[in-house]
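The values are calculated or read from the model by the stated rules, or taken from the named source; none is laboratory data. Fair warning: this is a prediction, and the values are worked out from it, not measured in the lab. Every residue, glycine among them, receives a Cβ derived from its backbone with ideal geometry; neighbour counts consider all protein chains shown.
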Amino acid sequence: MNRLVVGSGNIFGNLVVVGEAPGAQEDLEGKPFVGKSGKFLKNLLDVSGINIYEDVYFCNVIKCRPPRNRKPTPKEISIHKPWLIQQIKLVNPKVVVLAGSTAMKTILEVNKPISQLRGKCFNLKGIEYIPIFHPSYLMRFSQNEINNPYGLTLKDLQNVRNKLYHL
Ligand code: URA
């Protein structure tokens, strides 16, 4: 672990995207979502019509890379969670996308599979939280099908875009 990876993007954005934890590239650069799966997610947001440069703030549940990319432990999550809550409070977005099951479970405090809750909207204190599949999982699927996890996520993010831009 080299660096803390706190967040990047527009701190006044109307969308916050929360991932799990920094990977190797994020650890090198000190920024979230700059590695392979991060780029994949940014492309998905972009093709869904979301302006990733003007409207999005990116961060993770965990602010430093877990050894060998292992899943964060419940103790690590509980230590980092107040920091994430404070970040969301400060940005005060309209929508928060929870990318992957760690982000979903941390914020929504549910223990259901992401396949059951993805695309659903949870309103907490005036902010809409929408879980989606994690980008590293989505990278395994064809981008030409509408009903596979990739196609479903595209649909979820198009709904997010409609909420952001009142379409
Ligand atoms: N990059 C991140 O910063 N977080 C993730 O969850 C995945 C890739």
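Among the candidates Lys120, Lys163, which residue alone is assigned to a loop (DSSP other than H, G, I, E, B), under 23 Å from Cys59 (Cβ atoms) and either polar (S, T, N, Q) or over 14 Å from the mean Cα position of the chain (by Cα) (or both)?
Residue meeting the stated conditions: Lys120.
Within segment 42-89, take every residue that is of a type in the set (Ser, Thr, Tyr) and more than 21 Å from Leu108 (Cβ to Cβ) and give me the one that is surrounded by the most Cβ atoms within 10 Å (Cβ to Cβ).
Ser48
I want to confirm something. Restricting to segment 15-41 and keeping residues that are crowded, with 19+ Cβ neighbours inside 10 Å and among the charged types (D, E, K, R), which single residue is farthest from Glu128 (Cα to Cα)?
Among those residues, the one meeting the criterion is Asp27.
Quick one: how many residues across segment 54-76 are out of contact with any strand residue (DSSP E or B) (no Cβ under 8 Å at 6 or more places or on another chain), more than 13 Å from the ligand (Cβ to nearest atom) and either modelled with pLDDT of 95 or more or assigned to a strand (DSSP E or B) (or both)?
5
Can you tell me which residue within segment 127-148, out of those that are surrounded by fewer than 19 Cβ atoms within 10 Å (Cβ to Cβ) and within 16 Å of the ligand (Cβ to nearest atom), is nearest to the chain's Cα centre (by Cα)?
Only one residue tops the list, namely Tyr137.
Kindly provide the set of residues from segment 117-139 that are in contact with a helix residue (DSSP H, G or I) (Cβ under 8 Å, 6 or more places away or on another chain) and basic (Lys, Arg), ordered by number.
Listed by number, the list holds a single entry, Arg118.
Which of the residues that make up segment 11-43 are of a type in the set (S, T, N, Q) and near the ligand (Cβ under 9 Å from one of its atoms)?
Listed by number, the residues that qualify are Gln25, Ser37.
Under the condition of being more than 12 Å from the chain's Cα centre (by Cα) and in a helix (DSSP H, G or I), which residue from segment 89-104 is nearest to the ligand (Cβ to nearest atom)?
Among those residues, the one meeting the criterion is Val91.
Would you mind stating whether Leu154 is assigned to a helix (DSSP H, G or I), under 15 Å from the mean Cα position of the chain (by Cα) and more than 16 Å from the ligand (Cβ to nearest atom)?
yes
What's the number of the condition Pro82 fails, among (1) within 16 Å of the ligand (Cβ to nearest atom); (2) out of contact with any Pro (no Cβ under 9 Å at 6 or more places or on another chain); (3) in a helix (DSSP H, G or I); (4) not β-branched (Val, Ile, Thr)?
(1)
Of the conditions (1) modelled with pLDDT of 95 or more; (2) part of a helix (DSSP H, G or I), Val34 clears all except one; give me its number.
Every condition holds for Val34 apart from (2).
Given Thr153, Thr102, Thr106, which one is under 17 Å from Phe40 (Cα atoms), surrounded by 15 or more Cβ atoms within 10 Å (Cβ to Cβ) and among the polar types (S, T, N, Q)?
Thr153
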